[in-house]
Amino acid sequence: MVELARAGIVDAGAKRGSLVDEAYAALKQAIRDTDFPPGYQGSEQEIAVRLGMSRTPVHEAIIRLQEDGLVRVLSKRGVLICPLAPQDIREIYEVVIAVESMAAELLAALPDAARATVADELEAATAAMDEALARDDLPGWAEADELFHRLLAERCGNGRLRRIAQTVTDQAHRARMLTLKLRARPIGSAQAHRLIIAAVLVGDAGEAHRCARAHRVAARDEIVPLIEHIGLRQL
């Protein structure tokens, strides 16, 4: 009987964790896609209804998203989807620059076989960018580009760095998507990616760091002034 009771507790805990993970993923994607736009304020119940989920897992998901900097829980006033000012975007990119440069350096320090595997994954994402751009599919290009940068962090072997990278990437996503059609055609990104891949493949950690940094600095120096130029105070 004790064994059965323990099994029931484990099963209930696993189910609850799964529901919270689902709520977290669904709400984060809704924020990234601006289904819940910056500055939106609503109750947990309203958010749960819009997601088609029960309130308890949504409540726990909101707590996690507050830690990620995507929402803020307001005492007795519900939940606020955090808006970002141009200065916030600049600060986020400064973190991205530091984190991804280190990730590329760590990738280049991996054993030969591991570097080759990661290089293949990074090249596949870059090739998908080329294909999307050739058919003028900017959202598809952005999805493949995001995969490349996610792989940099996920494959570097540093779990803390990966978590930081995911948080700041989620925060920067709205700015990237907002400016996607306003920026110059992103023909240089694939070339910049392949410079990073080449450095990783030969194990040149310093060059991998330099190329990853230069790539993200260029993105910051294009996106932030563009946001300021079009006069957006928050997004």
For the chain, size of Cβ-based charge dipole, Lys and Arg +1, Asp and Glu -1, in debye: 740 debye
Send over a whole-number figure in Å² for the accessible area per residue of region 16-163, probe 1.4 Å. 49 Å²
Which label marks the calculated value of Cα Rg over 2.2 N^0.38 Å, given the options (1) 0.94; (2) 1.04; (3) 1.14? (3)
Hey, what do the phi angles of region 159-169 turn into as Karplus ³J(HN,Hα) couplings, whole Hz, using 6.51/-1.76/1.60 and θ = phi - 60°, x for Gly and Pro? x, 5, 4, 4, 5, 5, 4, 5, 4, 6, 5
In this structure, the FRET efficiency calculated for Asp204 and Arg160 from their beta-carbon separation, with R0 = 22 Å, to the nearest 0.05, is 0.35
What are the ³J(HN,Hα) couplings of region 114-130, residue after residue, when phi is run through the Karplus curve with 6.51, -1.76, 1.60 and θ = phi - 60°? Round to Hz, x for glycine and proline. 5, 4, 5, 5, 5, 4, 5, 5, 5, 5, 4, 5, 5, 4, 5, 4, 4
Does region 157-216 classify as rounded, prolate or oblate by the C-alpha gyration tensor (a ≥ b ≥ c root eigenvalues; a/c under 1.5 gives rounded; else a/b over b/c gives prolate, otherwise oblate)? oblate
Under the helix-only model (-39500 (n - 2.57) for each DSSP H run of 4 or more, divided by the residues of the chain), the mean residue ellipticity at 222 nm, to 500 deg cm²/dmol, is -25500 deg cm²/dmol
Can you give me the long-range amide H partners of Val71? Hydrogens built in the peptide plane at 1.01 Å from N, cutoff under 5 Å, separation of 5 or more residues or another chain. Gln66, Cys82
First compute the accessible area of the chain with a 1.4 Å probe, then give the percent of it belonging to carbon and sulfur atoms. 54 percent
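The values are calculated or read from the model by the stated rules, or taken from the named source; none is laboratory data. Only a predicted model underlies this, so the values are computations on that prediction, with no experimental measurement involved. Neighbour counts are summed over all protein chains in view; Cβ atoms, including those assigned to glycine, are modelled from backbone coordinates with ideal geometry. We work out accessible area using only protein heavy atoms, side chains counted, and drop any ligands, DNA or RNA first. Shrake-Rupley method; radii C 1.70, N 1.55, O 1.52, S 1.80 Å.
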